[in-house]
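First comes the structure, then the notes that go with it.
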Amino acid sequence: MEVVVIGAGQAGLSGAYHLRRAGLVPGRDFVVVDHNTGPGGAWRHRWDSLTTDTVNGVHSLPGMPWSEPDHPVRVNTAIPRYFAAYEREFELRVRRPVSVRRVREGPEGRLWVETTEGAWSARGLINATGTWERPFWPHYPGRSSFLGRQLHTADFTGGAEFAGQRVVVVGGGGSAVDMLLDLLGVARGLTWVTRRPLNLMTGPFTPEHGRASVAVIAERVRRGELPGSIVSATGLRLPPALARAIDDGRLTLERTFDRITPEGVVWDGGRFVPADALLWATGFRPSVTHLGPLNLREPGGGIRVDGTRAVADPRVHLIGYGPTASTIGANRAGRGAVRELADHLGGFRSTEEIPLAS
């Protein structure tokens, strides 16, 4: 292959589309592999109550606009249908379920991509694996002693199963907000704990805010640090329903506890909150362990990236990583990654031109 694309979410499909625009043929010149059993990327794993009118937004893939439904529909079915139609429209021939075990140096300056379905040799790699499969669970003393349920955002299927329970939600980002909205009026007691004071947005989110936020994360990955969350740079918008719940006492907002007991959580000052469930909305880490043999990581823990190019190996491009983790950023990054790869490789070795819409 000329290129292997790992992941078929928004970023991977964007990269595949632009490889086709560059004249490469799916299955002959490049291959897209995906760990999921079907289309949709991380969207297929979101809980049923998340709909097209409650998520932050659904953005079109390049070359095929997303049609906003005339009534709210579940994102975990609507967006996978859209991605499936996109794959068919451009004949991307995604191979799934395929898990990439590792990527290492191959013969003659090529990359060797080892998977559960065999191996591919490639001149270039577009890594679009996102973060969903690497939930982050922070360490707190006593966490293993807790007798109730503990779930991460990745395991949450909706608030209904916590009806009548005392729930503590940990985390200060968008996932925590989504879960809390689903738990309001359902849980018997609801406590929200954050490590830092909430970084709340004031006023509308403007293009200038977006560019400034992306610049913060881009600078982190240029230094080889972990990207951090988008919300850490943009700030968090607090829905009116949660603000009202805090004001009237239905939701208690606290700084993070110091330890966990079998029955709940405790602060050093002696405050104790009983809990039947701990929900960890503590984010994700980039899913890049399969790139370990290429030695791309920097002392700061991340992969140093310039644009989409891994600085340590220009054959490797990461999209959906750091500043390109948003859906808009992923679309633009797919185009940029393909152009930079073509320049670095001295052009792709394909003679077939496939005209596609811009």
Take ALA85 and tell me if it is farther than 30 Å from LEU345 by Cβ, exposed (fewer than 14 other Cβ atoms within 10 Å of the Cβ) and either hydrophobic (A, V, I, L, M, F, W, C) or not assigned by TED's automatic domain parsing to the domain that holds TRP120 (or both). yes
Please verify whether ALA42 is outside the structural domain of ASP178 (by TED's automatic domain parsing), modelled with pLDDT of 95 or more and either at negative phi or not β-branched (Val, Ile, Thr) (or both), treating the condition exactly as stated. no
Search region 232-255 for residues that are farther than 11 Å from THR191 by Cβ and in the same structural domain as ARG195 (by TED's automatic domain parsing) and pair each with any residue that is modelled with pLDDT under 90 and aromatic (Phe, Trp, Tyr) when their beta-carbon atoms are under 6 Å apart and the residues are at least 6 apart or on different chains. none
Is there a residue being in a strand (DSSP E or B) and not charged (D, E, K, R) anywhere in region 91-104? yes
Only one of (1) surrounded by fewer than 17 Cβ atoms within 10 Å (Cβ to Cβ); (2) in the same structural domain as SER175 (by TED's automatic domain parsing); (3) of a type outside the set (Asp, Glu) is not met by GLY109, so which one is it? (2)
Matching residues in region 166-191 - criterion: being of a type in the set (Lys, Arg) and either closer than 23 Å to PRO138 by Cα or not assigned by TED's automatic domain parsing to the domain that holds GLY148 (or both): ARG166
Given (1) touching a Ser or Thr at 6+ places or on another chain (Cβ under 6 Å); (2) at pLDDT 95 or above; (3) assigned by TED's automatic domain parsing to the domain that holds GLY41, number of the condition PRO262 does not satisfy: (3)
Return yes or no: is VAL3 among the β-branched types (Val, Ile, Thr) and modelled with pLDDT of 95 or more? yes
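The values are calculated or read from the model by the stated rules, or taken from the named source; none is laboratory data. Since the structure is predicted, the reported quantities are computational estimates derived from the model, not experimental observations. Quick reminder, even Gly has a Cβ in these numbers, built from the backbone with ideal geometry, and neighbours come from all protein chains shown.
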